[in-house]
1. Using helices alone, what [θ] at 222 nm do you get for the chain, with -39,500 (n - 2.57) per DSSP H run of 4 or more residues, divided over all residues and rounded to the nearest 500?
2. Between segment 115-187 and segment 210-241, how many Å separate their Cα centres?
3. Quick check on segment 1-50: what does the Kirkwood estimate of hydrodynamic radius come out to from the alpha carbon pairs, in Å?
4. What is the Rg over Rh value, at two decimals, for segment 1-127, using alpha-carbon atoms and the Kirkwood definition of Rh?
5. Return the percentage of antiparallel bridges among DSSP beta bridges fully within the chain, rounded to the nearest 5 %.
6. In nm, what is the difference between 0.36 nm times the number of residues separating D157 and A93 and their Cα-Cα distance?
7. Which order do peptides 118-130, 145-157, 37-49 fall in by mean Cβ count within 10 Å, highest first?
8. Which residues does a label at V59 reach in segment 81-123, if reach means a backbone N under 12 Å from a point 7 Å past the Cα toward the Cβ?
Amino acid sequence: MAMRERRLVFGEVADDYDRARPGYPEQLVEDVLAAAGDGPALEVGAGTGKATAAFASRVDDLTCIEPDPRMAAVLRRKAPGVRVVVSSFEDWAPDRRYGVLFSGQAWHWVDEERRADLAWAALAPGGVLAPFWNHSMVADAALHAALQEVDRRHGLDEHTPHRPLAEELPEHDLAGERAALRLDEERFPELRALRYHSTRSIPAADYPAFLMSFSVYRMLDPATARAALADTAAAIEGYGGVDFVMVTDLVLARRA
Ligand SMILES: C[S@@+](CC[C@H](N)C(=O)[O-])C[C@H]1O[C@@H](n2cnc3c(N)ncnc32)[C@H](O)[C@@H]1O
């Protein structure tokens, strides 16, 4: 069997992923489209369409790149009017120049050495690259500490939804974003960052599927995953579920 790639494990639970994962703030969609340059829209790593549906209702011409056919099947059902290309972004040759390239929770899976070059090639002059990410932070401090302790016990790294509390999330640092995304000033001279706040509650019964939609849990061996889920269920027993403070970070980088 081919080795399982961490960036392609989401399709193993495509329907659960679609049910369990959060969408994105309406204001973010508006801000991305307000910043967009002239030309059609492109989404990279569209998955099951958690961001796509909101954009598709606002733009006429949207192309979605998604390498996993199981994710793409859900996406086609949810957003029938969009063009879906089953490919990684690295393997796709842009057929046109796009006014906006957006990517929810997926830009980090594109080859970091190449992604700025690929965005440059896909965007029209004045077009905008718009990657964004949700950070889910457990609102209750005691529950948060208990869940982090469970994660540590099972060797889970920091990429779980049991992230630092809201006040500990550092403010956007534009120089840091530019360096992390490898966006040079010559080709992407204009950089902006926006942050959105919301809340979300996940009932205890839905929590295992939510955790199993994250690659870090999917990569655990089955016995460890079962133990981590059982210990998590024990930690949240009595709370009825988990309340999250959601922070969504958007970067807007305009191509020269
Ligand atoms: C965490 S999911 C995000 C899906 C969706 N955008 C969302 O907001 O829920 C990451 C997605 O990126 C896709 N992906 C992974 N590597 C990719 C690549 N190199 N190019 C394009 N998409 C990729 C995965 O198949 C998966 O659907």
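1. Working: 10 runs with 85 residues, N = 256.
So the calculated ellipticity at 222 nm is -9000 deg cm²/dmol.
2. Their Cα centres are 22 Å away from one another.
3. By the Kirkwood definition, the hydrodynamic radius is 13.5 Å.
4. 0.95
5. Working: 23 of 39 bridges.
Restricted to the chain, the bridges split so that about 60 percent are antiparallel.
6. Contour length minus Cα-Cα distance gives 19.6 nm.
7. 37-49, 118-130, 145-157
8. 82-83, 97-104, 123
Each reported figure results from applying straightforward, stated rules to the coordinates on display, with no laboratory input. Only a predicted model underlies this, so the values are computations on that prediction, with no experimental measurement involved. Virtual Cβ from ideal backbone geometry, glycine too; neighbours counted across all protein chains shown.
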